Each structure stands twice: as C-alpha cells, then as structure tokens.
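**Student:** After the structure tokens below, expect a handful of questions from me.
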Number of protein chains: 2
Amino acid sequence: MAFDYVCDPAEIYRQSFATVEREAALDRLPEAMQPVATRLIHSCGMIDVIDDLAFSAGAAEVGRNALALGATVYCDVEMVRSGIISRLMPADNLLVCTLNDPGTPAHAKAIGNTRSAAAVDLWEPLDGSVCVIGNAPTALFRLMERILEGAGLPALVIGIPVGFVGAVESKQALAEFSEDLNFITVHGRRGGSAMASSVVNALAGGLG
Amino acid sequence: MAFDYVCDPAEIYRQSFATVEREAALDRLPEAMQPVATRLIHSCGMIDVIDDLAFSAGAAEVGRNALALGATVYCDVEMVRSGIISRLMPADNLLVCTLNDPGTPAHAKAIGNTRSAAAVDLWEPLDGSVCVIGNAPTALFRLMERILEGAGLPALVIGIPVGFVGAVESKQALAEFSEDLNFITVHGRRGGSAMASSVVNALAGGLG
C-alpha cells in the first residue's frame, strides 16, 4: 500500500474510543451517560461537544430499557435511520422515518408547517417510543406540541437538530419542557444526524 | 401552537443562509466556492468550519461541470447518499453506494481492509466521477491507492471523513496528492456525511 494506515475495523474503533477517553472528561458524567458521550464525540470528531450535552436524570437508563423492551425508534430524516447500526439494536426494533411517506407533503400544506414537522404527526403510537431528531428544529417543536396535545409520552426524546434557525430554541424548549419527559440533547447550533444516531447506538450497544 | 417558530421551509432556508452570510467571511473565498462554504456551514452549524476548508484551484467549477454533464456520484456511506438532495441534481445523476453490496464483506476480508475501503474497489468507472467520502478515512486512502494504481481519475474528490483515527492524515494526503486531482476537503478531525453531502448539494444547486 502507498499509505500507512490502520485497516482493521476493530482496531480503528479501539483507538478512536481510547482517544476520546483520554481527552474527554467523561468522569464528570453519570456512568450510564459515558458511552453516550463517547459515541457522540466519536460521531463528530469534537471533544468539546460534551460541554453542550444535556439530559434528564436517568435518561440513558430509560432509553436503554425502552430499546431492550422493543421500543419503536422514530427518526426525523433518513440520515438518522441510516446512522443507526441495526445489529446493535437489542430487540430488532422498528426504525421508522415518515418524511418520505406519500401523504406527508399534502399534510404539511394542510397544517402550514414543514414536511419534517408534518412527518412527526404520523409517529403512532408515541407512547413508550424513542424519538430521534437530528435535523429539523420544526420536527422537535411539533413533537412537543403533540405531547402537549395528549398524543402520548415517548420513553425518550433524543433531540439534536442543527443549524441557525430554531435549533438553539427548540433544544432549550426540550430541556425545559416537563419533568415527565426524558431527553438527551446537545445545546447550541451544533447537532445533526450523525450525533443523533450515535446516541441511539450507544444506548443500544454501548461501545460494542 | 404552543411554540413560536418559523414553519415556512423557504423562510427557514432564507434566514439560515442570511445568518451564514452575515457571520462568515465568505468573500475571502473564490466566488464559485462561496455557496459550497455556505451550505457546508449550514450543514453543521459551525461558522468556523471554513477555516479548515481546503480545495484545489477551480475545484468548484470542475465539480459543477461534471455534475451537469451527468457524472456518477459515488458515496462511501448511505448517510451521504441520503443527504444529497436528488431534485437539485442537474442530470438525474446516479448516486451510488456500494457499502452494502453483497460482495463487499468478503472482498474486505480478501484485501485485509475495512468494508468501507473494499466498497471503493467497486466504484467503476472512476474516470470523470464525483467521489464523496463523509465517513471513513480508509475509504479515502483506498481511493487514492486506486488512482495511483491507474484505475482512473475522478473529476472531483470530496473527502471529508471524520474522527480520531486517520481522518486528519487522509485529508492531508488528499490535499498533497497530485496537481491533477481536484479535491474539496475540511482539514482536522471534523467532518461527516452531512458536510460531505452539503458540498454536493452546493455544486449541484447552489443555494437554490
């Protein structure tokens, strides 16, 4: 080979996680959150992303249990679904993305919202599910509206939309929403599908 | 609605791009690279990502022309393919990801490399294509090996793998590879599928 690089996938993971554990102050976090933080950092290459990590007490345990019991995982975009490692899922959990459902564009027009928000209205049942938002602030806002409307209570909301319009505000609203709602988020403008799906992977499979 | 937020997709894009243009020093870049930088920042929520943006002279023009002429777009992972906005593609370009091809795991074993690297061996023809790597440093290294082996010359390599093992090194190697190879990269540990696909979207459709 013309280049000298590590080719063994297990060794790449080992070295990656070792670097994260060496550089990040993971011990400031509850033990169950540490693999979440490790995979989150691994997904984006930024050690300091854990400075913006926020979560309800026990969120990691609740998410882990929900997945083990077969919770459906709703994803706001296909990129989130693609980022979830199926073989890690403990109960062959359904991974659902309704963004490209045939009825979603018309429903978006009907409710005067984005396609991402309209897609959230198709997440049924919400009760006990794991909802993962890695792209659209409007999807996260719409999800909170549905919970307020009595549509059900997810076991866990992983809300990590990205960007300049509504991301900061929707994540702040999630963190302040209710004591009854378990959440994991990354405050600020940073976020995205890779971060969001990495949290699911950590809850499903730890660092395995 | 319980929350006050922008629901109109066109207005969300407008405000997002306006924020990027206000905060980022885009005028330091050649004109053809400015929409690339705008969409790159938009994809990750980080203004300072343009400090790490690097490219060969004329890379944006070459990429734009290649797409207009119908170039195949090879993607290292499904997340990159999902992040490309099909309706922006000027020539109904093929979007190809060979990572989950049935033969890829056995080929990876045969060449003693990752599945991501093995998948690159299935990118045929390479000549004139647009190769997009948003995840695996090994895929970027393997692509450069294939070019050295005479497998063909892509029109453009968008090489933005992420992480702690090989990402920095593979992107450095890409930038130093050859005067004949057009590339766009983001140096350092940061990168990922969303950034990589945002570059394709910018070349295909500008900010439209």
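**Student:** Could you pull out which residues in segment B:40-80 have an amide N less than 19 Å from a spot 7 Å beyond the Cα of B:Asp101, following the Cα-Cβ vector?
**Tutor:** Answer for segment B:40-80: B:71-80.
**Student:** Mind checking which of B:Met89, B:Ser43, B:Gly163 is farthest towards the positive end of chain B's charge dipole, using Cβ charges of +1 (Lys, Arg) and -1 (Asp, Glu) about the Cα centre?
**Tutor:** B:Gly163
**Student:** Using a 7 Å offset from Cα along the direction of the beta-carbon, what are the separations from A:Pro102 to the same position in each other copy, nm, ascending?
**Tutor:** Those separations, rounded to one decimal, come out as 2.9 nm.
**Student:** Suppose R0 equals 22 Å; then what is the FRET efficiency for B:Phe3 and A:Lys109 from their Cβ-Cβ distance, rounded to the nearest 0.05? Write out the running numbers ahead of the final one.
**Tutor:** Values: r = 20 Å, r/R0 = 0.91.
Efficiency computed from Cβ-Cβ geometry: 0.65.
**Student:** While we're here: What is the magnitude of the charge dipole of segment B:95-208 about its Cα centre, with +1 placed on the Cβ of each Lys and Arg, -1 on the Cβ of each Asp and Glu, and no other charges, expressed in debye to the nearest 20?
**Tutor:** Details: 7 positive and 10 negative charges, 102 e Å.
The dipole magnitude comes to about 500 debye.
**Student:** Here is a follow-up. How fast does segment B:68-208 diffuse by Stokes-Einstein, in µm²/s, taking the Kirkwood radius from C-alpha pairs at 4 °C and 1.567 mPa s?
**Tutor:** Numbers: Rh = 14.8 Å.
Rounded, D is 88 µm²/s.
**Student:** Under a crude label model (7 Å from the Cα following the beta-carbon direction), how far is B:Glu31 from B:Leu88 in nanometres?
**Tutor:** 2.0
**Student:** What's the local net charge at B:Leu153, with K and R +1, D and E -1, over the other residues with C-beta under 9 Å away? Walk me through the numbers before you get to the answer.
**Tutor:** Numbers: positive: none; negative: B:Asp127, B:Asp180.
Around B:Leu153, the charge tally is -2.
**Student:** Cross-link candidates for A:Lys109: which lysines have Cα within less than 27 Å, leaving aside residues fewer than 8 places away along the same chain?
**Tutor:** Cross-link targets: A:Lys171.
**Student:** At a Förster distance of 45 Å, what's the computed FRET efficiency of B:Ala10 paired with B:Ala175, Cβ-Cβ distance as r, to 0.05?
**Tutor:** Numbers: r = 36 Å, r/R0 = 0.80.
For R0 = 45 Å, the calculated efficiency reads 0.80.
**Student:** Moving on. If the only charges are +1 at each Lys and Arg Cβ and -1 at each Asp and Glu Cβ, what is the size of the charge dipole of segment B:140-202 around the Cα centre, to the nearest 20 debye? All intermediate terms of the calculation are to be shown ahead of the outcome.
**Tutor:** Details: 5 positive and 6 negative charges, 68 e Å.
The calculated dipole for segment B:140-202 is roughly 320 debye.
**Student:** I need the inter-copy label distances for B:Gly58: point set 7 Å along Cα to C-beta, values in nm with one decimal, smallest first.
**Tutor:** Sorted ascending, the copy-to-copy spacings read 6.4 nm.
**Student:** Using amide H atoms built in the peptide plane, which far-off residues or other-chain residues are under 5 Å from A:Val96 H to H?
**Tutor:** So A:Val96 has HN proximity to A:Val73, A:Tyr74, A:Cys75.
**Student:** Hey, what angle do you get for helix B:9-23 against the long axis of chain B, alpha-carbon based, 0 to 90 degrees rounded to 10?
**Tutor:** 90
**Student:** State, to one decimal in nm and shortest first, how far the label point of B:Pro90 sits from each corresponding label point in the other identical copies (label point: 7 angstrom along Cα-to-Cβ).
**Tutor:** Label point to label point, same position, other copies: 5.1 nm.
Just so you know, all these numbers are worked out from the coordinates, no wet-lab data involved. For clarity, every value in this text was computed on a predicted model and none was experimentally measured. Cβ: placed from backbone, ideal geometry, glycine included. Neighbour counts: every protein chain shown.
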